[in-house]
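Report on the following structure.
The values are calculated or read from the model by the stated rules, or taken from the named source; none is laboratory data. Computed from a predicted structure; not experimentally measured. Because the Cβ atoms are built from the backbone with ideal geometry, glycine has one as well, and the counts that use them run over all protein chains shown.
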Amino acid sequence: MTRLAALCFAVLSLAACSQEPPKEAIANAADIALWAKYKTEAWKNHGCELITDAELETLFAFNGKAATLNARPLPNQAFCLRTWNKPDWKERETNNEKEGAAWLNPQNRVVVQLFDYTSEEHARQQIENLRRDRRNTYEEDVPGLGDDALWSTNTVTLLVRKGQFVLNVALEVSDVPHDNLTKAKEAAALVLKKL
């Protein structure tokens, strides 16, 4: 009976080994290797990989081609500016042409930038300095995100520290500035998984 059990275990193990790993595992392994490479380079010239087009389209539930998604990196920086049209962009532009009408932004905007302070202590000091010296700008602490996080409604910017990195996510999707915080936190969470 023991030999039969051992034989069955061996056959099942062999069958399991012959199966291909799921495509998600291969993709994730490739992503992890790529992210490790980018991290050693402090993500310079790879800012648009911090949040990919596909991740952005999923996060904000839009079709990049239909909304004219545009990505602009900066050379030798970990920076990416993305813009895409709001669903009612034509109406907003028509409104903006009317004299005396309140201006309505016809585009959504996300800026993702990563700063490498080379040590966790320097990154921590940077956030503390902003909290102390620019509290009128970065008025809100954001708990539960990275090692520390600050939000600015005035500049619609979320700063998140993780280790030696400080992530800057500037997000203009909602016309109400503070309402952008929720999606900025979701965008930051996507980046933090890669750091």
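For region 162-182, give me the residue count where each residue is touching a strand residue (DSSP E or B) at 6+ places or on another chain (Cβ under 6 Å) and either assigned to a helix (DSSP H, G or I) or free of Cβ contacts under 8 Å to residues at least 40 places away in the same chain (or both).
Of the residues in region 162-182, 2 are touching a strand residue (DSSP E or B) at 6+ places or on another chain (Cβ under 6 Å) and either assigned to a helix (DSSP H, G or I) or free of Cβ contacts under 8 Å to residues at least 40 places away in the same chain (or both).
Return yes when A123 is farther than 20 Å from N105 by Cβ, touching a Leu at 6+ places or on another chain (Cβ under 8 Å) and at pLDDT 95 or above and no when it is not.
In short, no.
Pick out the one residue from A170, A149, A184 that is more than 22 Å from W84 (Cα to Cα) and either at pLDDT below 95 or buried (at least 18 other Cβ atoms within 10 Å of the Cβ) (or both).
A149
Check off (1) out of contact with any Pro (no Cβ under 7 Å at 6 or more places or on another chain); (2) modelled with pLDDT of 95 or more for K37 and give me the number that stays unchecked.
Looking at each condition in turn, K37 falls short on (2).
Might you let me know whether region 72-88 holds any residue that is of a type outside the set (S, T, Y), under 17 Å from D175 (Cα atoms) and in a helix (DSSP H, G or I)?
Taking every residue of region 72-88 in turn, none turns out to be of a type outside the set (S, T, Y), under 17 Å from D175 (Cα atoms) and in a helix (DSSP H, G or I).
Does I51 meet the test of being closer than 21 Å to V166 by Cα, under 20 Å from the mean Cα position of the chain (by Cα), part of a loop (DSSP other than H, G, I, E, B) and of a type in the set (A, V, I, L, M, F, W, C)?
Judged against the criteria, I51 is a match.
I need a count of the residues in region 108-129 that are surrounded by fewer than 17 Cβ atoms within 10 Å (Cβ to Cβ) and of a type outside the set (G, A, S).
Here the count works out to 9.
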